[in-house]
1. Search the stretch B:201-244 for residues being surrounded by 12 or more Cβ atoms within 10 Å (Cβ to Cβ) and of a type in the set (S, T, N, Q), and hand back the single one that is farthest from A:VAL152 (Cα to Cα).
2. Going through B:ASP54, B:ASP114, B:ASP18, B:ASP37 one at a time, which residue ends up being out of contact with any Ser or Thr (no Cβ under 7 Å at 6 or more places or on another chain), assigned by TED's automatic domain parsing to the domain that holds B:GLN172 and at pLDDT 95 or above?
3. Since A:VAL118 meets every condition but one in (1) more than 12 Å from chain B (Cβ to nearest Cβ); (2) within 20 Å of the chain's Cα centre (by Cα); (3) modelled with pLDDT under 95, which condition does it not meet?
4. With the condition being basic (Lys, Arg), I'd like the strands (runs of 3 or more DSSP E) fully within the stretch B:182-272 carrying at least 3 qualifying residues.
5. Does the stretch A:145-157 include one or more residues that are in a loop (DSSP other than H, G, I, E, B) and at pLDDT below 95?
6. Which residues, counting only those in the stretch B:322-331, are surrounded by 24 or more Cβ atoms within 10 Å (Cβ to Cβ) and either more than 8 Å from every other protein chain (Cβ to nearest Cβ) or not in a strand (DSSP E or B) (or both)?
7. Scanning the stretch A:64-107 for residues that are part of a loop (DSSP other than H, G, I, E, B) and touching a Phe, Trp or Tyr at 6+ places or on another chain (Cβ under 9 Å), which turns out farthest from A:GLN245 (Cα to Cα)?
8. Counting only residues that are acidic (Asp, Glu), give me the strands (runs of 3 or more DSSP E) lying completely in the stretch B:1-118 with at least 1 of them.
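The values are calculated or read from the model by the stated rules, or taken from the named source; none is laboratory data. This one's a predicted model, so the numbers in the text were calculated from it and none came from an experiment. Virtual Cβ from ideal backbone geometry, glycine too; neighbours counted across all protein chains shown.
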Amino acid sequence: MSYDSIVCVKQVPDTANVTAEAMKEDGTVNRAALPAIFNPEDLHALETALEVRDAHGGTVTVLTMGPPKAAEVLRECLYRGADKAVLLTDRRAAASDTLATSYILSQAIRTIGKYDFVFCGRQAIDGDTAQVGPQCAEKLDIPQITYLEKVVKLSGDVAKIRRNIGQGYEVVEAKLPVLFTVVDTANTPRPQAACRVMRCKHARVAGEIQGEVRTAMPDASDEDRQAEVERRVKATDERGLMIEQWDLDHIGADLQRCGLAGSPTKVQKVLSVVLTTDGFQEVAATEEGVRQLIKELVVDRTLG
Amino acid sequence: MIDVNRQGEVWVFAEQEDGSLHDVALELTGKARWLADRLGVAVGAVLPGGGVADDGMKKLAAELIAHGADKVYVVDDDRLGHYQTNSYARVLTTLIEKHCPQIVLFGATPMGRDLAPRVASKAMAGLTADCTDLNISDVTDPKTKQVHEKLLLQIRPAFGGNIIATIVNYDQWPQMATVREGVMQLGDPDASRKGEVIEETVELDESCLAIKLIERHVEEQKVNLKAARIVVAGGGGVGSKDNFSMLYDLAGSLGGVVAASRAAVDGGYIDKAHQIGQTGTTVRPALYIAVGISGAVQHRAGMEESAKIIAINTDPAAPIHSVAHYSIVGDFSKVVPMMIKAIKEKEIA
């Protein structure tokens, strides 16, 4: 039996390397100043889906939500072996919290249609919430298996999975369809395949083509630009390289459940983490300095 | 989603496994007590389980009451013996609809982080992950200028710990949050506290039991970082697995345990079970010695509440010094043996 998988991926700011330049005066992080990367655990989700397809046949469709620039991660998926990619982009989806995001993704998944598995990374490094996967599963009304570490066996419509539960593991079985969230110990993501890079590097979503035309023809009239966009879209499509771009209308989303309106959680205040440099006592890195320190700790009863 | 309910209780999901409560359930019960006192409402704990002997569940309920619960909602069903997402989510959503709590707290454990989003999605309520602090305050909506009284402030690091965000939920209640183990202090139980045990029955259908457990393997906890009075933690600066032996010597001479930063774990110097920080364990020992740890925000989040912190680092600009009480700028391979020697001298004296 072959299996059709959908993999949810996200382009995220590289939060591990936030520099002072990337902080705005109001204390928020200027996302634009951070390099955008493929959310690390999503790569493991993709790899798991690709391994399932390689072993059993079927398809792998990748889905992301974000601005047109997020198509970069979709291309990376194509380079690694994904069959099809979909970008959900819509200004009205901006400022969605996890509840609204999972609603939108679940609508997009329903629009993709038939699937056996949905794979997500356990969590994204910008929010670290690990909520969108389980919330998508609930919206789709399918079971979830979080922290997937290994696909033990697929037979017919039953998946046997090992999941990491922190202090150990569980082996569980579920009937498909089922949603998995995947941890980074699950596998080693395959590298990009050179032949696929050659073939897919010109793959584009419509929004990217519009942006490229704006940059290339800054002084042209709207009509000329539109004509150029149409020409490029047609040429890309003829080569089979147009990536699907959907908006909220396409997936039949209830706008009250998207964006700010659909997000119960509101950010009330944001503080950047400030480091204080006063208040500590310097201890000389000498025998005498260390001896004094230990003595002090004995006196204040820190050391028994 | 439930409506704003000012009389609603403050709830805690009482995570238990094999008949014993998870520490975080008791930590959160204590915090829920504090929050509920500010709101003038009761604390409820939701305790699903099964296959535990009757007095076993009662014992757990008594523990929750001793830590601050006024009511314990016990759902005792053999099919709830092993945790699974949908059955536990059904318990929580059913009871939320029935009793309309204004706040529901979960431990940010593997179980809590699996369960809470499913419950929040079903309840169409907001959920904030991994809060490091919770408070109650009036909040003004900056757009409408409407004042929302006594909301739960859900405070958490975001963007890899580079910012601290305060999240609120105006009106799509309950206000839900997860909190990592060890972040809230475990209070002393008060056996004289009185509370009510309420037995609830929740209907479970096939869809609640979609996952079949085949095998379960729980490892012995290798190291109990939370319980240690003294923690000696090494970072990337320690440089190798061999060098970590020096940290074991220091910990041994102090009766402490060895811990590590993520850099040391990623470097393969020590097992992940020893990791301190946002993705590891949060500790608040009497003494924390940070050796060769630069002090990224993610690490500091797991140790900055320690009573005394000593930082040993060759880099005087390392952020770890900013949370330290004592700062030694120097090579740990020289400083650590000096410390061991000074401790031994102290013992002889």
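1. The qualifying residue farthest from A:VAL152 (Cα to Cα) is B:ASN243.
2. Values: B:ASP54 fails: at pLDDT 95 or above; B:ASP114 fails: out of contact with any Ser or Thr (no Cβ under 7 Å at 6 or more places or on another chain); B:ASP18 fails: at pLDDT 95 or above.
None of the other options fit; the residue is B:ASP37.
3. (3)
4. On the way: elements: B:196-199, B:211-218, B:230-234, B:257-260.
Fully inside the stretch B:182-272 and qualifying: nothing.
5. Applying the first criterion (in a loop (DSSP other than H, G, I, E, B)) to the stretch A:145-157 yields A:156-157.
Now restrict to residues that are at pLDDT below 95: none.
So far as the stretch A:145-157 goes, no, none of its residues is in a loop (DSSP other than H, G, I, E, B) and at pLDDT below 95.
6. Within the stretch B:322-331, just B:ALA324 meets the criteria.
7. Going residue by residue through the stretch A:64-107, those that are part of a loop (DSSP other than H, G, I, E, B) are A:66-67, A:81-83, A:89-90, A:94-97.
Subsequent filtering for residues that are touching a Phe, Trp or Tyr at 6+ places or on another chain (Cβ under 9 Å) retains A:89-90, A:96.
Details: A:THR89: 7, A:ASP90: 10, A:SER96: 19 Å.
Looking at the filtered set, the residue picked out is A:SER96.
8. Details: elements: B:10-13, B:43-49, B:71-76, B:103-107.
Correct list: B:71-76.
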